[in-house]
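The structure appears below as structure tokens.
The values are calculated or read from the model by the stated rules, or taken from the named source; none is laboratory data. Since we're looking at a predicted model, the values are computed, not measured. All Cβ positions, even for glycine, are placed from backbone atoms using ideal geometry, and neighbour counts span all protein chains on display. Remember, those area values only see protein heavy atoms, side chains included, never the ligands or the DNA or RNA. Shrake-Rupley method; radii C 1.70, N 1.55, O 1.52, S 1.80 Å.
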Amino acid sequence: METVWFMIIALMMAAYVVLDGFDFGAGILHLLVAKTDEERRTVLAAIGPFWDGNEVWLLAGGGILVFAFPRAYAAGFSGFYLPLTIVLWLLILRGVSIEFRSLEASTLWRSFWDGVFFLASSLMAIVLGAALGNVIRGVPLESDGYFSGPLFTNFGLSSHPGVLDWYTVLIGLLAFAMLAMHGALFLRLKTEGEVHRRATGLAGRLYVAVLALLVLATYASAMVQPKLLSGIGARPLAWVLALGVLASLIAIPTSLKRTNEAAPFFASCGLIVSLLAATATALFPTILSSTIDPAFDLNTGNAAAGALSLQVGVYWWIVAIALAIGYFVFLFRSFRGKVDIHHDYGH
Amino acid sequence: MDAVSWNRFQFGFLVTYHYLFPTLTMGLALLIFFMKLVAYKSGDERYDHAATFWAKIFGINFAVGVVTGIPLEFQFGTNWARFSNYAGGVIGLTLALEGLFAFFAESAFLGLFLYGKQKLSAKMHLFASFMVFLGSWLSGYFIIATNAFMQHPVGYRVGPRGLLLSDMWAYLLNPWAFWQYLHNMTSAVVAASFVVAAVGALYTLSDRHKEQARVFLKVGVVAGLISCILILFPTGDQNGKMVAEYQPAALAAMEGKYETSDKAELAIIGQPDSVNKRLDNPIIVPYVLSYLAYGSFGAKVKGMNDFPKDELPDNTELLYYGYHIMAGLGTIFIALMLTSATKLWRGTLETSRAWLWMLMLAFPFPFIAVTMGWMTVELGRQPWLVYGLLRTIHGTSPKVAGGSVAFTTLGFMGLYFVVGVLYLYLIHRQIAKGPIDFAQAHTIDEAGA
Ligand code: HDD
Ligand code: HEM
Ligand code: HEM
């Protein structure tokens, strides 16, 4: 049962990154791809009906973490106290900027929120990446099952690393580039004209950056966390997922040349999912490694909730996720096609 | 202040602030669905316009509810790690179900409801508004069930590392959750009715949007009257009986009762003096407390003097005032809505300017009553975090310093202040724009004006 919940959480997190990732990406790029007010409103209209629902994947994932692995939730969330609070502030600012921007006509008002939207989205992408970096690298978990991570030390690796060191920053940058590319592909799919043209151009350039950073990050991760390589080596599922990463990496540039606009976006979804799933598979059964002593690691065995909870939870989860997928398919179908702010900008 | 106090203050501040928004969200969701339903059934355009107008306000309100809600979901882990660790295996169920069942439905259908009027058929749009209502009311249930477990734990077993779920249905159908939920949801309808009626009164008084104002007044006053009665009886009454049964120390503090006695009196007004252990300047009604709490005029009610100090809530004064302000306002609300409804029925409401002024100015008070009600619940639970099982002082995060919590509290306060000012400004603008102009608002927006 614990294994099932480990997979569920990994899946929910991957779904979150794919979904909220495209609106983070749109936020990172909108100053570049959309110059006039009308173009900016097009970008916002493209993500408007979705962003709140996308964020719910994070909340639901968090709820499931408390439920299935309360110890890991307690240790992780209290250990990253300040960085998580900053994440919250960014999420607040981002949500407010999306919703409030177009309610007032003044150009100053709108420029202000455009700036906030850009900053909050960019920092969120970097912080998400850095968080993943921390999970891969491990944190200074002690014998009582808690840790406290300083924001930064000297950016070097040690048994008491900061939340930000060279490795987590590198993963942060990778996330930034990858989500920016993801957002560009989404905007390319949803818009026409100038925004479409600029998004296509940027997607190509961002792809190169993603590729370079990915090679670097893979090498660094293997160095920082030996479990990663041995995990991949030992688990055939991880090989399949690694092939998925490669296939997506090839599919993005080749499909970008063709006219089918959905293909590169879906390839980018595939890239994110297979990359995250491969990482999770390689690290399993560890949820949070200790940099102090492997005996203090939190894993699916020592962090899980009671058997009955996990049992009944699975039934609830299946029903709920089937409903949620239903809603989301319906939502995305209702708003399929290019956005046209003259007709459906009901906001 | 020590770390526990900072943590308590932070949680109290964040949740109180957050809850101002869902109160309106949940109440309006019901009223909007009702307006859409009337419009759909009768084809009365005015109701459709009214729903569209309130949907706009709903959207702004919802956005603030969402952004202030996300920090709360994190709070359990960041600030109350030992509590999450201890109780997570039980309360995690409802927190997860809330996200999975309620928030998904709510957010997906809200997107459809707010952005999809042109894309959906009238029937689907009505359905979207129903799902928004259902999602928000479900989310209310899950979070209340979580809180009810903290008030009155059921369906659990104590395991080696903390609490384990032993009976899922007992946990989900906690009797405490039942009455708390009904009372709380009714209070959301009270708040939304007061807001709708206040805008109706405002338009009538300023002689604008007369047609819409009539709809608002009617919906607001009728829903207001029904919900104001339900909030006292049976829901408020039953809540009180549960407190009397399961949290007798909280009851004594809520009522400002120091001495134990049979035939206990109910204090209507008075100031608790916790040094000399008496109620100053009291106005009392004999026998009534025994009856309200235990259903018989002779029942014995235990006073605060007879509880050990470590079982009494630590802020008995605020608890007392919280409860009295809520119940006092509730009584006034019934009088206000009864009179308004009589005037509405006679057709004189629109011309009684003095009364319209009252309705217009009354809208903040339900929010005060709601906040006071929650103060009563949460202060009354002290010194326990999970009643009888885990003390509040044992629930915090072991490695988070009080100073860090102070820092983030100040940060949240600053950020929320700005968000609050913007919120009021935008709502004000929406109300100033009015419902009729709404149909043209798109065109203005499109011109980029
Ligand atoms: C419009 C708001 C409003 C109004 C007018 C009232 N209440 Fe209330 N009350 C609430 C809003 C509220 C609330 C904020 O919604 C609470 C907090 C938790 C809950 O479920 O409901 C609450 C809780 C609450 C509790 C639980 C306290 C605890 O658990 O410690 C009791 C006993 C009452 N109420 C009783 C009453 C009575 C006798 C009222 C007389 C009219 C009344 N309420 C009016
Ligand atoms: C929305 C309405 C609510 C309000 C206004 C509210 C208010 C408060 C206040 C004022 C405190 C501080 C208590 C003190 O310092 O003595 C508090 C504490 C707390 N509340 Fe609530 N609360 C609400 C709902 C909830 C719900 C639904 C839950 C659980 C799911 C909850 C969980 C907690 C926790 C964990 C604490 C901190 C520990 C403690 O002080 O006992 N609250 N709340
Ligand atoms: C400890 C207490 C609470 C927590 C952890 C919490 C958590 C959250 C979260 C994470 C959201 C955002 C959901 C989204 O993205 O759609 C939210 C919104 C919401 N919450 Fe809370 N909440 C708390 C208290 C309450 C209470 C007491 C109620 C009602 C009974 C409530 C009702 C709602 C509703 C209806 C929404 C939808 C948005 C809105 O209404 O504006 N919450 N809450």
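Failed condition for B:Leu349, given (1) at pLDDT 90 or above; (2) farther than 21 Å from B:Leu319 by Cα, with all others met?
(1)
Are any residues in the stretch B:114-172 of a type in the set (D, E, K, R) and closer than 16 Å to B:Val386 by Cβ, and if so, which ones?
Selection gives B:Arg157, B:Arg161.
Those residues that are among the small types (Gly, Ala, Ser) and at the interface with chain A (Cβ under 8 Å from one of its Cβ atoms), I need them from the stretch B:90-148; list them, please.
Hits for the stretch B:90-148 are B:Gly92, B:Ala96, B:Gly99, B:Ala105, B:Ser107, B:Ala108, B:Gly111, B:Gly116.
Go through the stretch B:363-375 residue by residue and tally those that are more than 14 Å from ligand 3 (Cβ to nearest atom) and either surrounded by fewer than 19 Cβ atoms within 10 Å (Cβ to Cβ) or closer than 22 Å to B:His152 by Cβ (or both).
Count: 4.
Which condition from (1) more than 8 Å from every other protein chain (Cβ to nearest Cβ); (2) touching a residue at least 40 places away in the same chain (Cβ under 8 Å); (3) surrounded by fewer than 24 Cβ atoms within 10 Å (Cβ to Cβ) is the one that A:Ser148 breaks?
For A:Ser148, the failing item is (1).
Name the residues in the stretch B:61-89 that are within 23 Å of the chain's Cα centre (by Cα), facing chain A (nearest Cβ under 7 Å) and crowded, with 24+ Cβ neighbours inside 10 Å, would you?
B:Val66, B:Val67, B:Pro71, B:Phe76
Quick test for you: out of B:Ser193, B:Ser129, B:Ser166, pick the one residue that is more than 11 Å from ligand 3 (Cβ to nearest atom) and surrounded by fewer than 20 Cβ atoms within 10 Å (Cβ to Cβ).
From the options B:Ser193, B:Ser129, B:Ser166, the qualifying one is B:Ser166.
Within the stretch A:107-130, is there a residue that is crowded, with 22+ Cβ neighbours inside 10 Å, free of Cβ contacts under 8 Å to residues at least 60 places away in the same chain and within 15 Å of B:Val66 (Cβ to Cβ)?
No, the stretch A:107-130 contains no residue that is crowded, with 22+ Cβ neighbours inside 10 Å, free of Cβ contacts under 8 Å to residues at least 60 places away in the same chain and within 15 Å of B:Val66 (Cβ to Cβ).
Go through the stretch B:26-39 residue by residue and tally those that are modelled with pLDDT of 95 or more and not hydrophobic (A, V, I, L, M, F, W, C).
Total meeting the criteria: 1.
Restrict the check to the stretch A:299-321 and report whether at least one residue is more than 10 Å from every other protein chain (Cβ to nearest Cβ), at pLDDT below 80 and surrounded by fewer than 18 Cβ atoms within 10 Å (Cβ to Cβ).
Among the residues of the stretch A:299-321, at least one is more than 10 Å from every other protein chain (Cβ to nearest Cβ), at pLDDT below 80 and surrounded by fewer than 18 Cβ atoms within 10 Å (Cβ to Cβ), which makes the answer yes.
Looking only at helices (runs of 4 or more DSSP H) that lie completely in the stretch B:94-201, which have at least 3 residues being within 15 Å of ligand 2 (Cβ to nearest atom)?
B:122-151
Let's see how each residue does on (1) among the basic types (Lys, Arg); (2) within 13 Å of A:Thr279 (Cα to Cα); (3) surrounded by fewer than 22 Cβ atoms within 10 Å (Cβ to Cβ):
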residue: A:Ala180; (1), (2), (3): no, no, no
residue: A:Glu192; (1), (2), (3): no, no, yes
residue: A:Leu229; (1), (2), (3): no, yes, yes
residue: A:Arg235; (1), (2), (3): yes, yes, yes
residue: A:Ala251; (1), (2), (3): no, no, yes
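Scan the stretch A:80-100 residue by residue and report those that are more than 7 Å from chain B (Cβ to nearest Cβ) and either assigned to a helix (DSSP H, G or I) or free of Cβ contacts under 8 Å to residues at least 40 places away in the same chain (or both).
A:Pro83, A:Ile86, A:Val87, A:Leu90, A:Leu93, A:Arg94, A:Ser97, A:Ile98
Working carefully through the options B:Ile332, B:Ile431, find the one that is more than 16 Å from ligand 3 (Cβ to nearest atom), within 14 Å of another protein chain (Cβ to nearest Cβ) and either surrounded by 15 or more Cβ atoms within 10 Å (Cβ to Cβ) or closer than 27 Å to B:Met185 by Cα (or both).
Only one candidate passes the filter, namely B:Ile431.
In the stretch A:54-95, what residues are of a type in the set (Val, Ile, Thr) and either over 20 Å from A:Ile28 (Cα atoms) or open to solvent by 10 Å² or more (accessible area, probe 1.4 Å) (or both)?
A:Val56, A:Ile64, A:Val66, A:Thr85, A:Ile86, A:Val87
Hey, does the stretch B:267-287 have a residue that's away from ligand 3 (no atom under 16 Å from the Cβ), open to solvent by 70 Å² or more (accessible area, probe 1.4 Å) and either basic (Lys, Arg) or within 14 Å of another protein chain (Cβ to nearest Cβ) (or both)?
Yes, some residue in the stretch B:267-287 is away from ligand 3 (no atom under 16 Å from the Cβ), open to solvent by 70 Å² or more (accessible area, probe 1.4 Å) and either basic (Lys, Arg) or within 14 Å of another protein chain (Cβ to nearest Cβ) (or both).
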